[in-house]
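Structure first, commentary second.
Here, each number is a calculation from the coordinates, and none is a lab measurement. Since this is a predicted model, take the numbers as computed values, not measurements. Heads up, the Cβs are rebuilt from the backbone with ideal geometry, glycines too, and the neighbour counts pull from every protein chain shown.
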Amino acid sequence: MTEERLIKGSLEGNARVQKKLYERYSPAMYGICLRYAGNPDEAADILQEGFIKVFTRLEDYRYEGSFEGWIRKIIINTAINHLVRQKKYHGQEDLEEVQGEIYPSPSALEKLQHRDLIRLVQQLPPGYRMVFNLYEIEGYSHKEIAEMMGISVNTSKTQLLHARRYLQRKIMETEKISVIK
């Protein structure tokens with residue numbers, strides 16, 4: 001079924017077509033939700049809330065740009081709003097307090113599987129996780145992130161730095177565990 005037919009059928013209220021639209025796009029969107037959520041249940045909640053918004057705002061889609069990109073933006077905004085409502089993103093530290101960088105070896109990075117990286121990102125504190133996803137994966141600037149989250153640019157930078165450090169340490173720990181085994 002074509003994307004246009006999925007959209008038109010969904011707008012007409014055809015439940016079978018709506019289900020097909022959901023089935024086509026939900027796996028990729030669930031992956032996005034997993035990056036923002038702390039666990040699979042929270043990711044499923046974000047996905048459900050996001051798709052409710054997709055279906056209620058479907059008439060706003062103007063067939064300009066990628067439909068999947070349009071859905072993705074709704075899902076990301078839903079994840080941000082979810083975490084903001086939970087006030088899980090706070091962790092205000094000054095950038096000056098953060099010192100030194102830790103770099104995992106290239107062999108540790110090569111051994112890291114996609115699912116392992118997702119698991120590590122999920123273990124980040126919520127604020128760090130959100131800033132990491134928005135900056136590193138979605139490509140937002142610190143200014144844009146600060147505006148979305150209601151924090152300062154400095155806080156966004158600090159949280160990204162802490163997220164990177166956390167991930168670097170965890171990757172190095174993973175390497176130590178595999179060397180011991």
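Among the residues of region 123-136, count how many are buried (at least 21 other Cβ atoms within 10 Å of the Cβ) and aromatic (Phe, Trp, Tyr).
2
What residue, of 139, 150, is touching a helix residue (DSSP H, G or I) at 6+ places or on another chain (Cβ under 8 Å), on the phi > 0 side of the Ramachandran plot and loosely packed, with under 15 Cβ neighbours inside 10 Å? I'd like the intermediate steps shown before the answer.
Details: 139 fails: touching a helix residue (DSSP H, G or I) at 6+ places or on another chain (Cβ under 8 Å).
The conditions single out 150.
Quick check on this structure: which one of 10, 66, 26 is among the hydroxyl-bearing types (Ser, Thr, Tyr) and exposed (fewer than 14 other Cβ atoms within 10 Å of the Cβ)? Give the steps one after another, and end with the answer.
Details: 10 fails: exposed (fewer than 14 other Cβ atoms within 10 Å of the Cβ); 26 fails: exposed (fewer than 14 other Cβ atoms within 10 Å of the Cβ).
Testing whether each residue is among the hydroxyl-bearing types (Ser, Thr, Tyr) and exposed (fewer than 14 other Cβ atoms within 10 Å of the Cβ) leaves just 66.
Is there any pair with a first residue in region 57-82 that is free of Cβ contacts under 8 Å to residues at least 24 places away in the same chain and a second that is surrounded by 13 or more Cβ atoms within 10 Å (Cβ to Cβ) and aromatic (Phe, Trp, Tyr) whose Cβ atoms are under 6 Å apart and which are 6 or more apart or on different chains, and what are they?
If the second residue must be surrounded by 13 or more Cβ atoms within 10 Å (Cβ to Cβ) and aromatic (Phe, Trp, Tyr), the pairs left are 70/61.
Looking at (1) without any contact (Cβ under 8 Å) to a residue 40 or more places away in the chain; (2) in contact with a Gly (Cβ under 6 Å, 6 or more places away or on another chain), can you tell me which one residue 136 breaks?
Of everything listed in (1) without any contact (Cβ under 8 Å) to a residue 40 or more places away in the chain; (2) in contact with a Gly (Cβ under 6 Å, 6 or more places away or on another chain), residue 136 misses just condition (2).
If I go through region 8-60 residue by residue, how many of them are in contact with a Gly (Cβ under 9 Å, 6 or more places away or on another chain) and charged (D, E, K, R)?
Within region 8-60, residues that are in contact with a Gly (Cβ under 9 Å, 6 or more places away or on another chain) and charged (D, E, K, R) number 2.
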